[in-house]
Amino acid sequence: MKTKLVTLLTAVLLLALLISACGTPAPPPPPEATTPPEATTPPEATTPPEPPPAGPTGSIVIVIGNDPATLDPQAKDDGNEHKINDNVYEHLLTRDPQTGEILAELAESWEQVDDTTWRFKLVEGIMFHNGEPLNAEAVVYSAERIIDPDFNSEQISFVASITGGEVVDEYTVDILTDGPDPTLPARMTWLKIVPPVYSSEDIDQFEQAPVGTGPYKFVEWVRGSHVTLEANVDYWGGAPDIGEVTFRPIEEAATRLAALQADEVDVVTDLIPEYLAQVEKSVSVHGLEFPWIRINTNIEPLNDVRVRQALNYAVDKEALAEALYSGYASVAEGQMLTPGHFGYNPSVVAYPYDPDMARDLLEEAGASGATLELIGESGRWLKDKELVEAVAAQLEAVGLDIDVNIVEWSDWLDLLFAGAEAAPDLQYSAHDNVLLDADRTLSGLFTTEGNQAAYGNPDVDQLVLDGRSETDVELREQMYHEAVETIREEAACIFLVNLDNIYGLNPNLEWTPRLDGRIFVKDMVLSD
Amino acid sequence: MVRISAYFIRRLLQSILVIVGVSIVVFVITRAIGDPARMSMPLQATDEQVEAYAQRMGFRDPLPVQFWNWAKKAVRGDFGDSLWQREPALGLVLERVPATLQLCFTAIILALGASIPLGILAALRPRSWLDKLTTSISLLGVCIPDFWLGLMLILLFAVSIHLFFTSGYGTPRHLILPAITLAARPWGRITQIVRSSMMDEMHRTYMMTARAKGLSEQRVLITHALKNASIPIVTLAAWELTRMLAGYTIVVETVFAWPGFGQLAMHAIVERDLTLIQANVFVVALIVVAMNIAIDFIYATIDPRVRLE
């Protein structure tokens, strides 16, 4: 019996030794290889090697989280689908990669004709990959397709104000809205233009084999395995550098890292911060995602603004960013908008970490020792459960009694949409506003009618309502600034942090991530 | 022959009952754990949009009505479209069956191939160092968590030395690591059972007779001892294979991004894709039932005392 045990132990030890020896990551990369959180381009990127003269060459593999739900670019709100189709389809407008400013894409110019009409002049002579012409008719068709109630698009909230389109002439098109909609240009950076004949002929075919105007053409989709695109050498904006792109779903974070280390893949999205030390080259950019904690402002003691402010003072945002996200997050400046969002108020700042102030405010409001329920969930977002636990510990440190309740996803959803009255005291959620316009954030989360809101203030409601139809850009921005400031002063939620997007790259790949989180392969250059 | 076909019909009827039962349970559970419409819509969707979708999909009908509508189509092989990928759900699952079968059969062949010789050798020399080593590492094989073993194999054989691929599907270089990971547990268990049942057979008197007849030691072992020891081995191997097919591939397929129906089941659950979950469970139930019938036939083949009636 004893010798058996010895043998067993020896075997276990040997195996453990063997595996730990092999498991050790390669020697740490030279410090300049990884870029600091804010930086966007590695220093050595300044002198790109001379591109080979002969058209698109080479191939890369981009890892996505899961198989796309469909390759119809208008049906689902699915990040995996968007990552692929952003390279196949195009929009009338696009955004500056770093500032978020709206720029021309398929439309060379645009103007607002009257309150509810926007006119776009298209670039002439563009063809879809199947030879259909890109013209005013295709734009009208695309707009009307996505808003068709029978089509039931999950993307409807991105194009909600659009009522239709009108052909003015071959290359001029009007987009109509149900009221004045100053965010329409932002919506047009979202709406993908699809070929009318191909997409209406055979919907099954269209869902599986996309045809756009973009720099990459669809080659094949093997479900669960990969989607392959090839360079469109006739691309109207000039052929891209990289000849072939494969998107591979790998769900497990550790496997993604291993695939990058083994040089099997070239771009890994949503890299976990802890893994960065093992990656030879990575780039990051401020992302759009804000974890936040909703406060039910309708019930005792949370209807007292002092209590809500105390909650904000009590949370050490910097410590959260450092400890949970290894510094790949920044403090949310009292708003869930980034400087790239229209409506971001640069003069609003985060509540400083001040536990004494928090205690005083709770004392004043007679809420010291109050018991609050904090609802969280686990696994949907990066470090969601850990964040909830850390925040709860910080709130308890100022004398509150926090009852943390991590619930199942469906229960979490029921509570989120229970309505303002039945909402739990505190609930963790995560928000990202890819339209880069404050309306989406403010109206959804901070108005009486907002579908995820547990806060209502008639002044904010009015500002958001007016802002939605105010066509004077400066006036509109003013309104959002005011609303953002009120929401911050009233501590309508617990503001936490803003997460960075982290990408692991093949060392030979040059690419600067974009503010809007999109991945355009045409911006990538492969050196050898 | 009459007996066999009677047996077959009875098993078939039992199987249909099992499959219908499983379908009902899954149908009820997937609809009881929350609003299926809300769960498959984005967070920004308004209540009106969710409601419209729920009406269109029939999620607001009484449960028995929903089941009846579903069952009417299901008996014709139409399980409805996947909510997630908007394709016929059954087709999406069947598309993934070859990958999972390939993985599981490779794993069970690896496990049998490695465990039978090792188990026999250990049984021949009880208490030798080989026997002790075999007992120890087979225990290890049973205990090692598959996700951990998988990641370690990836680090060792795909990252440190580029012998195999970390993940994906297509070539033997993609297949080996997930198959080994999946094989670890059945290999351990089968090694143990081969060793113990061979040891039992060694002391039977027919072995002495066989040796006395002058048969070679090899023939004594293979045609006499192993054949008699094979019922528990087959039972265990079949049970392990069934377990793999019925869900134990989920972890391995996820770690290795292997496009089988285990991975699909995982996605279906994450995406709350009711129709896809339902189709997946149906296919798995079908496979399990078929495996059980197949095993009965194998028993009857290797052991003439077993009758199918």
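Note on the range A:156-193: residues that are outside any loop (DSSP other than H, G, I, E, B) and of a type in the set (Gly, Ala, Ser) amount to 4.
Would a scan of the range A:109-131 turn up a residue that is buried (at least 18 other Cβ atoms within 10 Å of the Cβ), on the phi > 0 side of the Ramachandran plot and in a loop (DSSP other than H, G, I, E, B)? So far as the range A:109-131 goes, no, none of its residues is buried (at least 18 other Cβ atoms within 10 Å of the Cβ), on the phi > 0 side of the Ramachandran plot and in a loop (DSSP other than H, G, I, E, B). Listed here are the helices (runs of 4 or more DSSP H) enclosed by the range B:85-164 that have at least 1 residues being facing another protein chain (nearest Cβ under 9 Å) and under 29 Å from residue B:207 (Cα atoms): B:129-143.
Being touching a Lys or Arg at 6+ places or on another chain (Cβ under 7 Å) and part of a loop (DSSP other than H, G, I, E, B) is a condition met by at least one residue of the range B:37-45. Among the residues here, residue B:34 does not qualify as modelled with pLDDT of 90 or more and among the small types (Gly, Ala, Ser). So, of the residues in the range B:224-252 that are among the charged types (D, E, K, R) and within 12 Å of the chain's Cα centre (by Cα), which turns out to be surrounded by the most Cβ atoms within 10 Å (Cβ to Cβ)? It comes out as B:240.
Just one of A:193, A:203, A:250 is closer than 14 Å to residue A:138 by Cβ and either within 14 Å of another protein chain (Cβ to nearest Cβ) or surrounded by 23 or more Cβ atoms within 10 Å (Cβ to Cβ) (or both); which is it? Steps first, answer last, please.
Values: A:203 fails: closer than 14 Å to residue A:138 by Cβ; A:250 fails: closer than 14 Å to residue A:138 by Cβ.
Criteria check complete, one pass: A:193.
Restricting to the range B:82-101, and then to whatever is under 14 Å from the mean Cα position of the chain (by Cα) and of a type in the set (Val, Ile, Thr), can you tell me which residue is nearest to residue B:40 (Cα to Cα)? Among those residues, the one meeting the criterion is B:97.
Exactly one of these conditions fails for residue A:156: (1) within 14 Å of another protein chain (Cβ to nearest Cβ); (2) more than 24 Å from residue A:471 (Cβ to Cβ). Give me its number. All conditions are met except number (2). Only a single item in (1) within 14 Å of another protein chain (Cβ to nearest Cβ); (2) part of a helix (DSSP H, G or I) is not met by residue B:65, and it is number (1). Residues satisfying the criterion are absent from the range B:195-211 (criterion: within 14 Å of another protein chain (Cβ to nearest Cβ), at pLDDT 90 or above and closer than 30 Å to residue A:259 by Cβ). Looking at B:75, B:65, B:25, B:97, which one is surrounded by 14 or more Cβ atoms within 10 Å (Cβ to Cβ) and not hydroxyl-bearing (Ser, Thr, Tyr)? Of the residues listed, the single one that is surrounded by 14 or more Cβ atoms within 10 Å (Cβ to Cβ) and not hydroxyl-bearing (Ser, Thr, Tyr) is B:97.
Taken together, the residues in the range B:249-296 that are out of contact with any Asp or Glu (no Cβ under 8 Å at 6 or more places or on another chain) and assigned to a helix (DSSP H, G or I) amount to 31. The lone criterion from (1) modelled with pLDDT under 95; (2) within 14 Å of chain A (Cβ to nearest Cβ) left unmet by residue B:188 is number (1). Of the listed requirements (1) outside any loop (DSSP other than H, G, I, E, B); (2) in contact (Cβ under 8 Å) with a residue 24 or more places away in the chain; (3) of a type outside the set (A, V, I, L, M), residue A:153 misses just one: (1). For residue A:327, the criteria (1) in contact (Cβ under 8 Å) with a residue 24 or more places away in the chain; (2) outside any loop (DSSP other than H, G, I, E, B) hold in every case but one, which is (2). Among the residues of the range B:165-177, those that are within 17 Å of residue B:263 (Cα to Cα) and either surrounded by fewer than 14 Cβ atoms within 10 Å (Cβ to Cβ) or within 11 Å of chain A (Cβ to nearest Cβ) (or both) comprise B:166, B:167, B:168, B:169, B:170, B:174, B:177.
The values are calculated or read from the model by the stated rules, or taken from the named source; none is laboratory data. Please read these numbers as outputs of a predicted model, since none were measured by experiment. As a convention, Cβ positions derive from the backbone with ideal geometry for all residues, glycine included, and neighbour counts pool all protein chains shown.
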